[in-house]
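This report concerns only the one structure given below.
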Amino acid sequence: MAGNLQSQNVTFQAAESCVRFAFLPASLGSRQSAALALDRDPNANTNAFSVPCINNMFGAGITATVTFSLPTNPGLMSGYEPGKQYPLAMTGSSTLTSGATSNVQVGILQKGP
């Protein structure tokens, strides 16, 4: 049981780390590109907007990515201004080779370029 809890904790931390990675200034271009493309075509393949985020602190045997997509209900995001801001969901996902997985999702309003 302790091993399972540790595996789940590591995958959760890696998924959350991916979302934090997506907030970095270095990821601004990826966020803007995904937001604009999804605004033009809401049915765009979200896999096209996945970015691997490898963090050596989690060690070998873990795969982590962040995927940008449309939030399920962007109209509920307060302060939304069409044409100036673009609703964007960032989902951090991680998987251990043992099979443990975690997902963390955050919704934001991304300013355009």
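The values are calculated or read from the model by the stated rules, or taken from the named source; none is laboratory data. None of these values were measured; they are calculated from a predicted model. With ideal geometry, Cβ positions are generated from the backbone for all residues, glycine too; neighbour counts draw on all protein chains shown.
Taking strands (runs of 3 or more DSSP E) that fall entirely within segment 18-100, which contain at least 1 residues that are at pLDDT below 85 and closer than 12 Å to Q110 by Cα? Steps first, please.
Values: elements: 50-52, 62-69, 85-96.
Per the criteria, 85-96.
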TODO: Scan segment 11-39 residue by residue and report those that are touching a Phe, Trp or Tyr at 6+ places or on another chain (Cβ under 6 Å) and surrounded by 20 or more Cβ atoms within 10 Å (Cβ to Cβ).
DONE: A14, A34, A35
